[in-house]
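**Q** The structure that follows is given in the form of structure tokens.
The values are calculated or read from the model by the stated rules, or taken from the named source; none is laboratory data. Not measured: the values here are computed from a predicted model. Using ideal geometry, Cβ is built from the backbone for each residue, glycine included, and neighbour counts are taken over all protein chains shown.
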Amino acid sequence: MQNSMRYDPMIERVINEYSDMVYKLAYARTKNKYDAEDILQEVFLRYIRRKPEFQGTEHEKAWFLRVTINCSKNLFASFTKNRTVSLIDNQMGITDEERVLGEFLVKLPVKYLTIIHLFYYEDLKILEIAELLNLKESTVKMQLTRARRLLKEYIEMEEQNVWWKIQIPFSKNSSERRT
């Protein structure tokens, strides 16, 4: 009986190089660490099965991003019921600012979240994102603008909520003093 799984340094290199990126994008799209782990596994299984040949590192990175997006779309398509997800699945090792930003990011629609992730976390240019997602450059720019606007609105609403909560105790105390 021959062992079909042999050690391959190329596979190890690829996993070491792209596993963080794949996981972060999958998590950004699914908002769930377990689904992100399933997608991570599926992406690398596809890589191992297909053994694609790349024209360079940019092509290789784009392949992993595209397959991650496709796998997450397949996951969404397979859902037949509405699922609830914890906003804070596994956040050890991140700062308070990153945690708060993450809470605002998960409120974004998936199409905006994907654009934000690819632009800010993967450092892709607008043209590269457009090619990767099969969108026009102008669409990517507009979605990026809308995502930023939504994030700004979420942050401003949160600041107003915090301000309102701070004001309530003071207004109650002041009205009690008058009587």
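**Q** Select, from V100, V85, the only residue that is modelled with pLDDT under 80, in a helix (DSSP H, G or I) and surrounded by fewer than 14 Cβ atoms within 10 Å (Cβ to Cβ).
**A** V100
**Q** Conditions: (1) surrounded by 17 or more Cβ atoms within 10 Å (Cβ to Cβ); (2) modelled with pLDDT of 85 or more; (3) not hydroxyl-bearing (S, T, Y). L75 meets all but one. Number of the miss?
**A** Of (1) surrounded by 17 or more Cβ atoms within 10 Å (Cβ to Cβ); (2) modelled with pLDDT of 85 or more; (3) not hydroxyl-bearing (S, T, Y), only one is false for L75: (2).
**Q** Follow-up. Take the residues of the stretch 115-130 that are in a helix (DSSP H, G or I) and among the hydrophobic types (A, V, I, L, M, F, W, C): which is surrounded by the most Cβ atoms within 10 Å (Cβ to Cβ)?
**A** Top of the filtered list is I115.
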